[in-house]
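Written below as structure tokens is the structure these notes are about.
The values are calculated or read from the model by the stated rules, or taken from the named source; none is laboratory data. Here the structure is a predicted model, which means the values were calculated and not measured. Note that we place each Cβ from the backbone using ideal geometry, even for glycine, and neighbour counts take in every protein chain shown.
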Amino acid sequence: MEMTRLEKWLVNRNKKAERNIARVRQRLTALPSEAIKDVLELGCGIGAVAAFLSETYNMKVWGTDYDLEQIQIARKRHPENEKLIYQVEDAAHLSFQDARFDLVVSQNVFHHLSKWQTAVREVARVLRPGGFLLWLDLTFPKWIAKLFQPVVKKHSLYCIADINYVFQKQGFQRRFHQRRIHGPFFQHQMIWQKREVK
């Protein structure tokens with residue numbers, strides 16, 4: 001979904017990009033980064049994380065966003081090359097082939113999606129068996145999610161139990177979880193791994 005001007009102002013700040021990069025760098029220390037070659041970033045915004053992964057780790061990165069304006073900003077700030085590609089994508093209907101990526105990165109994207117469960121299925125589809133998802137987002141107390149979700153049509157409200165259930169149902173195992181209070185909500189940083197095919 002396209003963001004409002006206020007949302008863009010909040011997420012397009014350089015300080016926000018620096019925090020996003022720092023979180024990804026920290027989480028990568030827990031992963032076999034030498035085995036990660038192909039990366040998909042959902043909701044790349046101004047492209048800072050995608051560019052960081054490409055330049056620092058020599059990964060081939062596709063930075064995607066639903067909003068064309070964000071893709072244009074990313075291309076201007078971090079020019080594309082053979083290892084860095086930006087394109088418009090709907091996280092709930094990705095155009096990539098099955099088992100294409102070793103790593104998917106999603107920071108504060110899922111609550112912007114009206115069909116977040118479909119996006120989880122798509123992430124599972126495009127990740128290779130054994131691949132990883134770095135997921136950071138807000139969750140809400142169950143009573144808030146139940147009460148307000150019918151009113152909030154273009155966004156999603158979910159509790160942590162919903163997240164755990166849907167991700168596990170799609171074949172993910174949680175490898176790391178950190179929860180922080182973020183105002184009246186909870187912010188979760190998670191590493192999920194797609195189960196290997198036996």
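Can you name every residue in the range 95-105 that is of a type outside the set (F, W, Y) and either surrounded by 21 or more Cβ atoms within 10 Å (Cβ to Cβ) or free of Cβ contacts under 8 Å to residues at least 40 places away in the same chain (or both)? Selection gives S95, Q97, D98, A99, D102, L103, V104, V105. Selection of the range 59-83 for residues being closer than 11 Å to A48 by Cα and in a strand (DSSP E or B) yields only G63. Checking each residue in the range 142-166 for being without any contact (Cβ under 8 Å) to a residue 12 or more places away in the chain and not basic (K, R) picks out W143, L147, F148, Q149, P150, V151, V152, N164, Y165.
Condition first: basic (K, R) and either in contact with a His (Cβ under 8 Å, 6 or more places away or on another chain) or modelled with pLDDT of 95 or more (or both). Now tell me which residues in the range 104-121 satisfy that.
Applying the first criterion (basic (K, R)) to the range 104-121 yields 115, 121.
Matches in the range 104-121: R121 only.
Checking each residue in the range 27-58 for being part of a loop (DSSP other than H, G, I, E, B) and over 21 Å from A91 (Cβ atoms) picks out T29, A30, L31, P32, K37, N58. One residue alone among T29, T56, T64 is surrounded by 17 or more Cβ atoms within 10 Å (Cβ to Cβ) and not aromatic (F, W, Y), and that residue is T64. In the range 131-144, is there at least one residue being over 15 Å from the mean Cα position of the chain (by Cα), among the charged types (D, E, K, R), farther than 26 Å from A48 by Cα and surrounded by fewer than 20 Cβ atoms within 10 Å (Cβ to Cβ)? Yes, the range 131-144 has at least one match.
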